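Asks: The structure under discussion is supplied below as structure tokens; questions concerning it will follow.
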Amino acid sequence: MNRLDPAHPYNDDNDEDDLYVSMMYRYYTDNLLQPDPAPLLTRRAALNRDREEGHRRLVNDYFAENCVYQPSDFKRRLRLRKNVFERIANAMEARYEFFQMRYDARGKRGFTGLQKCVAAIKLMAMGESPDSVDDYMRMSERTARESLYLLARGVVETFGDQYLRKPSLHDMQQLYAAHEERHGFPGMLGSIDCTHWKWRNCPVAWKCQKAPDAPFTVNVNEYKFGYYLTDVIYPQYSTFVKAFRHPIDPRDKYFKRRQEGARKDVERAFGVLKSKWHIVEHAARPYELDTLRYIMYACIIMHNMVVEDKGLNIATYSPTEPRHVQFQPGTSEYLHRVVDIQDQRKHKQLRENLADYIYVGHENEDE
């Protein structure tokens, strides 16, 4: 028999192997097969937020027949009247599965659409972190953030056709009449200073697209497009009306004062939007660009819904009314449009006509 054979009687390797196997078996049975072994990593205990209690508290505070808080408290905290909020919440629940109350795989009830809508709108109104609604709404930061994203997108998809619509010719005429009655400027559409957009960053597809075809007349001179009041940094387009930089004539001084006053009036309207929805004026770095777009549009839509609910809207909506159609780039009409809008001569002529019109009206009022 070969001595190298493991079965050789003079080879003690088998004894060492048996000892090693015996030690491993004892370690395995004594340490690894304990009934309650100590966990290698400490796991976070599941947090029972009691979603049902959060829903009951919300209903009892705001939506019950004898609720704790008054409608004025609801409007102050969510920036909407209860009927406007219910219109939004009902639309979200009917159209999107996320806002419908569901059960998970364990049979545990999820959040109701009411809880998700209140959390999302509260975040828009207060501009706070999604974690801030946990203690009252019993909602995790992740669910609150998802509610914010999906409600913003849902509001745009559901109500955008009505409250972000392109103006029709009838809408333009109503805007003209409202601005002339309040500010004395015929053909005025508004002010673009309140948007705080740099002109060089204006999307290429939007250039020369901000002036709908809605003619108006000033001092027997007819103009094809409405105009916006701007400051001196904007180009000399026929759709922009700027104040005189250094007026000397009394007419020019009066026009400068009226133009700047009208601009500030429109800018204050945008300030109301920011004061109502604090998420608009707070830091936006945590959000992606597409999400920011939906959040901004959703705030504008809900603001317009509030204005309509108060009966202060200027233009009325009709689903059957034809909408204004923009010219498509590349057509001959579009090229003529660009040349017409960028005509500096018309820009100066329009300002002169408006200055004469407003100053003459001022003199007639003094008489």
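Asks: Would you check if F185 is at pLDDT below 90 and either in contact with an Asp or Glu (Cβ under 8 Å, 6 or more places away or on another chain) or closer than 30 Å to R257 by Cβ (or both)?
Replies: Working: at pLDDT below 90: no; either in contact with an Asp or Glu (Cβ under 8 Å, 6 or more places away or on another chain) or closer than 30 Å to R257 by Cβ (or both): yes.
It is false that F185 is at pLDDT below 90 and either in contact with an Asp or Glu (Cβ under 8 Å, 6 or more places away or on another chain) or closer than 30 Å to R257 by Cβ (or both).
Asks: Let me ask something else about it. Restrict the check to segment 270-279 and report whether at least one residue is of a type outside the set (S, T, Y), surrounded by fewer than 14 Cβ atoms within 10 Å (Cβ to Cβ) and at pLDDT below 90.
Replies: Taking segment 270-279 and keeping what is of a type outside the set (S, T, Y), we get 270-274, 276-279.
Then drop every residue that is not surrounded by fewer than 14 Cβ atoms within 10 Å (Cβ to Cβ), which leaves 271-272.
Imposing the further condition that a residue be at pLDDT below 90 reduces the set to 271-272.
Taking every residue of segment 270-279 in turn, at least one turns out to be of a type outside the set (S, T, Y), surrounded by fewer than 14 Cβ atoms within 10 Å (Cβ to Cβ) and at pLDDT below 90.
Asks: Still on this structure: Does segment 230-252 contain at least one residue that is assigned to a loop (DSSP other than H, G, I, E, B), among the acidic types (D, E), modelled with pLDDT under 90 and farther than 15 Å from K346 by Cα? Working first, answer last.
Replies: Step one: of segment 230-252, the residues assigned to a loop (DSSP other than H, G, I, E, B) are 231-239, 243-249.
Keeping just the survivors that are among the acidic types (D, E) gives 231, 249.
After this cut, where a residue has to be modelled with pLDDT under 90 as well, the list is 231.
Filter once more, so that each one left must be farther than 15 Å from K346 by Cα: 231.
There is at least one residue in segment 230-252 that is assigned to a loop (DSSP other than H, G, I, E, B), among the acidic types (D, E), modelled with pLDDT under 90 and farther than 15 Å from K346 by Cα.
Asks: Hey, among L148, L164, L169, which residue is touching a helix residue (DSSP H, G or I) at 6+ places or on another chain (Cβ under 9 Å) and either open to solvent by 40 Å² or more (accessible area, probe 1.4 Å) or of a type in the set (G, A, S) (or both)?
Replies: From the options L148, L164, L169, the qualifying one is L164.
Asks: Is there a residue being at positive phi and open to solvent by 10 Å² or more (accessible area, probe 1.4 Å) anywhere in segment 80-103?
Replies: Filtering segment 80-103 down to residues at positive phi leaves none.
Looking through segment 80-103, none of the residues is at positive phi and open to solvent by 10 Å² or more (accessible area, probe 1.4 Å).
Asks: Also, I was wondering about something else. Can you name the condition, by its number, that L78 falls short on among (1) under 25 Å from H278 (Cα atoms); (2) at pLDDT 95 or above?
Replies: Condition not satisfied by L78: (2).
Asks: While we're here: Only one residue in L151, L114, L175, L164 is over 22 Å from the mean Cα position of the chain (by Cα) and either touching a residue at least 24 places away in the same chain (Cβ under 8 Å) or closer than 30 Å to D265 by Cα (or both), so which one is that?
Replies: Values: L151 fails: over 22 Å from the mean Cα position of the chain (by Cα); L114 fails: over 22 Å from the mean Cα position of the chain (by Cα); L164 fails: over 22 Å from the mean Cα position of the chain (by Cα).
When all the criteria are applied, what remains is L175.
Asks: Can you find even one residue in segment 66-75 that is of a type in the set (K, R), loosely packed, with under 13 Cβ neighbours inside 10 Å and farther than 19 Å from Y163 by Cα?
Replies: Step one: filter segment 66-75 for residues of a type in the set (K, R), giving 75.
Narrowing further to those that are loosely packed, with under 13 Cβ neighbours inside 10 Å: none.
Looking for residues that are of a type in the set (K, R), loosely packed, with under 13 Cβ neighbours inside 10 Å and farther than 19 Å from Y163 by Cα, one finds none in segment 66-75, hence no.
Asks: Go over the candidates Y254, Y287, Y228 one by one and state the one that is more than 22 Å from Q174 (Cβ to Cβ) and open to solvent by 30 Å² or more (accessible area, probe 1.4 Å). So that I can check it myself, show each step before the final result.
Replies: On the way: Y254 fails: open to solvent by 30 Å² or more (accessible area, probe 1.4 Å); Y228 fails: more than 22 Å from Q174 (Cβ to Cβ).
Just a single option satisfies the conditions, and that option is Y287.
Asks: Would you tally the residues in segment 66-88 being over 16 Å from V155 (Cα atoms) and of a type in the set (V, I, T)?
Replies: Selection size over segment 66-88: 1.
The values are calculated or read from the model by the stated rules, or taken from the named source; none is laboratory data. Computed from a prediction, not measured in an experiment: that's the story for all the values here. A quick note on method: Cβ atoms are made from the backbone with ideal geometry, for glycine too, and the neighbour counts reach across all protein chains shown. Accessible surface areas use protein heavy atoms only, side chains included; no ligands, DNA or RNA. Shrake-Rupley method; radii C 1.70, N 1.55, O 1.52, S 1.80 Å.
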